[in-house]
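Accompanying notes for the structure given below.
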Amino acid sequence: MLPQIYIARKIPVEVENYIAEHFRYKKWDRLEPIPREYLFEQLADCEGLLTSGTRIDQELLDHSPKLKVVSNISVGYNNFDLEVMRERKILGTNTPKVLDDTVADLILSLMLSVARRVPELDRYVRAGHWSSKDDENIFGVDVHHKTLGIIGMGNIGQAVAQRGKWGFGMNILYHNRHSKPDVEQALDAAYRSKEELLRESDFIVLMTPLTPETRHYIGEREFAMMKPSAVFINASRGATVDEAALINALRMKQIFGAGLDVFEQEPVDPKNPLLTMDNVVVLPHIGSATSQTRLEMGMLAARNLVDALYGRKPSQLVKELQDLYES
Ligand code: DGY
């Protein structure tokens with residue numbers, strides 16, 4: 001009999017067809033997130049779970065006696081309680097690499113939108129405020145040839161650096177847990193301490209994964225170090241930034257503006273003050289959201305599930321759980 005799995009979010013039909021060849025499956029087919037209690041009921045007889053963002057913790061695993069693998073359709077896996085998964089020998093996989101260029105494109109669009117105030121000035125034109133060509137009030141800041149500081153020089157960080165370097169002639173700085181001499185050479189990038197990077201950069205892009213160590217990695221102290229002309233971009237996870245400190249820094253004009261694809265609470269609270277600020281560009285966590293990339297992520301996640309449940313090592317087993325795999 002084919003293994004039983006649960007699909008906890010909407011997936012492209014091609015991915016579902018592939019899954020149907022390998023598994024018996026049940027699925028959540030609605031756009032809103034699956035209610036947790038309902039998911040618990042569904043998981044009672046499942047060996048695999050295809051999802052993204054679902055918290056995989058003790059409570060969920062207590063309701064999933066047969067579960068062997070959770071396959072995330074995302075590169076981030078801060079939804080995994082890695083300690084509990086290790087204890088229960090549950091494999092966890094993600095979908096890196098296939099989304100790097102798509103997320104990097106989105107980050108560049110946020111940099112340009114904030115620097116040149118694109119959404120704000122779009123609203124200005126539509127409201128009929130366009131009266132003179134040379135109104136200094138609508139000036140922005142340049143992107144080209146400025147200094148781009150990237151915190152978290154993984155695959156996506158490097159794709160952003162390439163665009164900055166070769167597309168916009170930017171000077172590239174980076175901060176990472178470990179320095180990367182090969183990247184430094186390829187992109188003429190320079191390693192900086194976190195503090196040096198914050199002080200020297202015109203654009204600061206935060207791409208570090210969310211872990212207990214990076215929660216509120218950027219807060220009041222860090223915003224105070226940035227230039228008043230700095231543009232801050234977060235496309236990692238909302239909780240890597242202390243949002244109250246960001247709101248304060250924007251209100252006090254400590255920085256020029258911010259571009260945000262992620263928030264501490266998602267979907268964002270409509271009353272969040274960030275939504276009322278003209279120097280902020282906000283997006284609904286769409287870093288990887290193109291049809292092609294979501295299809296590739298879905299297929300990779302499905303292949304991870306198939307490998308894990310058919311006795312092969314999944315290609316994208318997360319690094320913290322590598323040693324769980326017994327061939
Ligand atoms: C991911 O896959 O973790 C990213 O947030 C995509 O936007």
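The values are calculated or read from the model by the stated rules, or taken from the named source; none is laboratory data. What you see is a predicted model; the values in this text were computed from it and never measured. Cβ atoms come from the backbone with ideal geometry, glycine included; neighbour counts cover every protein chain shown. When the accessible area is computed, the model is the full protein with side chains, heavy atoms only, and any ligands, DNA or RNA have been set aside. Shrake-Rupley method; radii C 1.70, N 1.55, O 1.52, S 1.80 Å.
Descriptive notes on the structure:
- Computed over protein heavy atoms with a 1.4 Å probe, the accessible surface of region 142-301 works out to 46 Å² per residue.
- Distant alpha-carbon pairs in the chain (separation over 38 angstrom), percent: 22
- In percent, rounded to a whole number, the relative contact order of the chain is 18, using alpha-carbon pairs under 8 Å and six or more apart.
- When DSSP beta bridges are restricted to pairs lying wholly in the chain, around 5% turn out antiparallel.
- Formal net charge of residues neighbouring residue 84 (Cβ-Cβ distance under 13 Å; K, R +1; D, E -1): -3
- Per residue, the convex hull volume that the Cα atoms of region 80-180 enclose (Å³): 163
- Each peptide among 311-322, 164-175 gets the average number of other Cβ atoms lying within 10 Å of its residues, and from highest to lowest they stand as 164-175, 311-322.
- Helical contribution to [θ] at 222 nm, DSSP H n ≥ 4, -39,500 (n - 2.57), averaged over the chain, rounded to 500: -9500 deg cm²/dmol
- Compared with the dominant Cα axis of the chain, that is its longest principal axis, helix 291-309 is turned about 30°.
- Bins of 5 Å from zero: percent of alpha-carbon pairs in region 100-282: 1, 8, 17, 22, 21, 15, 9, 4, 2, 1, 0
- Neighbour net charge for residue 263 - beta-carbon separation under 15 angstrom, K R +1, D E -1: -3
- Accessible carbon and sulfur surface of region 252-327 relative to its total accessible area, %, 1.4 Å: 53
- Out-of-range pairs (alpha-carbon distance over 29 Å; input 97/253; 10/319; 10/313; 66/313; 227/319): 97/253; 227/319
- Accessible carbon and sulfur surface of region 36-172 relative to its total accessible area, %, 1.4 Å: 49
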